[in-house]
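Below is one structure; the comments refer to it alone.
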Amino acid sequence: MGQAAAQGERAEGPVLRILPLGSGLVLIGLGMALGLAALRLRRG
C-alpha cells in the first residue's frame, strides 16, 4: 500500500487532499439541513 499511496500523492496529491474536505462539508451541510427540517416539522 505504501507504494500505491506514494504514486497517488505524486499524481493527484492536491485533488486527493481536497476531496475529503469537500465531501465532509457536504455531509455536514446535509445533516444540518435535515436537522433544521425536522425541527420545523416538529414545531409546525
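The values are calculated or read from the model by the stated rules, or taken from the named source; none is laboratory data. It should be emphasised that the depicted structure is a prediction, and the values quoted were computed from it without experimental measurement. Every residue, glycine as well, gets a Cβ built from its backbone with ideal geometry; the counts of neighbours run over all protein chains shown.
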How do the pairs read when you match residues in the stretch 15-44 that are in a helix (DSSP H, G or I) with residues anywhere that are at pLDDT below 95 and not β-branched (Val, Ile, Thr), using Cβ under 9 Å and keeping only pairs 6 or more apart or on different chains? Leu16/Gly8; Leu16/Glu9; Arg17/Glu9
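Of the residues in the stretch 10-33, how many are surrounded by 10 or more Cβ atoms within 10 Å (Cβ to Cβ) and at pLDDT 80 or above? I'd like the intermediate steps shown before the answer.
Here is the first cut: in the stretch 10-33, the ones surrounded by 10 or more Cβ atoms within 10 Å (Cβ to Cβ) are 12-13, 16-19, 23-33.
Adding the requirement that they be at pLDDT 80 or above leaves 23-33.
Going through the stretch 10-33 one residue at a time, the tally reaches 11.
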